[in-house]
Amino acid sequence: MRNQNSLSQNIMWEATTTCNSAYDGVFFYAVKTTGIFCRPSCKSRVPNRENISFYSNAANARKAGYRPCKRCRPDLKSIITYDPLEIVIEETMQIIEEKYGQKILLDELASMVGISLII
């Protein structure tokens, strides 16, 4: 298994820009401008290289003052059990069942489950 100490900054940057999940758990990256840290596979917008720091584990990123990304959830031990889309789908289905027969606009529904619509 790879470890963060054996990886060059260029390899970690490449893994970050390509959202390479093979490096999840090997290292984490933090973004100075947003104050968050992520898994290499995070689908958030790629930050500028000069704003990135790499960490071998989530605890070190937290100690440096970064908070976990809400999108890729690097604070969770198991990456297999967390699927943000599954949670959104479950919450959406629950709201639709509870509000069945009521008029709900799509942007209202999106707001209820904590997502935004880009039109």
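Just so you know, all these numbers are worked out from the coordinates, no wet-lab data involved. All values reported here derive from a predicted model rather than from experimental measurement. Ideal geometry is used to build each Cβ from the backbone, glycine not excepted, and the neighbour counts take in all protein chains shown.
Across the chain, C-alpha contacts under 8 Å between residues 6 or more apart give a mean separation that, scaled by the residue count, equals a relative contact order of 19 percent. Checking [x] 1.04; [y] 1.08; [z] 1.14 against Rg/Rh (Cα atoms, Kirkwood Rh) calculated from these atoms, the matching label is [y].
Build a GNM of the chain with springs between Cα atoms under 10 Å apart, and of Ala58, Ala30, Ala22 the one that fluctuates most is Ala22. Of all lysines in the structure, those lying under 29 Å Cα to Cα from Lys70, and not within fewer than 8 positions of it along the same chain, are Lys32, Lys43, Lys99.
Measuring r between the beta carbons of Leu106 and Lys32 and using R0 = 41 Å, the FRET efficiency lands at 0.70.
A Cα-only calculation for region 4-68 places Rg and Dmax at 10.3, 27 Å.
In the elastic network of the chain, a GNM with C-alpha springs shorter than 10 Å, the most mobile of Ile36, Ile95, Ile52 is Ile95. Taking trypsin sites (Lys or Arg not before Pro) across region 18-119, the ones in a DSSP loop with at most 15 further Cβ atoms lying within 10 angstrom of their Cβ are Lys32, Lys43, Arg45, Lys70, Arg71, Lys77, Lys99, Lys103.
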